[in-house]
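Engineer: Sharing a structure with you now.
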Amino acid sequence: MRLIKAFIASFMPGVIKPLHSLWNELLAFLFLTLAGAFGHQLYKACRAPNSEPVNIAVFLSSGFLTALMLGLGIYSYRRARKISRS
C-alpha cells in the first residue's frame, strides 16, 4: 500500500499540472471566441443606420460583453502560461 501511495504522490503532479494548463487554455479559447462573436455584434450595432433605443442597448451590452470576455480570455491565457512555466 505504501508503494502505491508513493507512486501516486510522484505521478499525479506530472499529470495534474498539464491538465490544469490545458483547461485554462481551453477556457481562454472559449472566452476569446465569445469576445469575437460579441465584437461582431458590436460592429453590426455601430454600422446600423438608425439610432433606435434597441440599437443603443445592443451597442452597450455588446461592448460590455466584448470587453469582459476579452479580459477573461487574456487572463486565462496568461494563467495557463504561468502554470506551464512553473
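Table: residues versus (1) outside any helix (DSSP H, G or I); (2) at pLDDT below 95; (3) hydrophobic (A, V, I, L, M, F, W, C); (4) surrounded by fewer than 17 Cβ atoms within 10 Å (Cβ to Cβ).
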residue: 31; (1), (2), (3), (4): no, no, yes, no
residue: 42; (1), (2), (3), (4): no, yes, yes, no
residue: 56; (1), (2), (3), (4): no, yes, yes, yes
residue: 62; (1), (2), (3), (4): no, yes, no, no
residue: 71; (1), (2), (3), (4): no, no, no, yes
residue: 84; (1), (2), (3), (4): no, yes, no, yes
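Engineer: Let me ask you something else. For the condition among the hydrophobic types (A, V, I, L, M, F, W, C) and touching a residue at least 60 places away in the same chain (Cβ under 8 Å), what is the one hit in 4, 83, 74, 8? Spell out the reasoning first.
Structural biologist: Working: 4 fails: touching a residue at least 60 places away in the same chain (Cβ under 8 Å); 74 fails: touching a residue at least 60 places away in the same chain (Cβ under 8 Å); 8 fails: touching a residue at least 60 places away in the same chain (Cβ under 8 Å).
Going through 4, 83, 74, 8 in turn, just one is among the hydrophobic types (A, V, I, L, M, F, W, C) and touching a residue at least 60 places away in the same chain (Cβ under 8 Å): 83.
The values are calculated or read from the model by the stated rules, or taken from the named source; none is laboratory data. Just so you know, these numbers come straight off a predicted model, no measurement behind them. All Cβ positions, glycine included, derive from the backbone under ideal geometry; neighbour counts span all protein chains shown.
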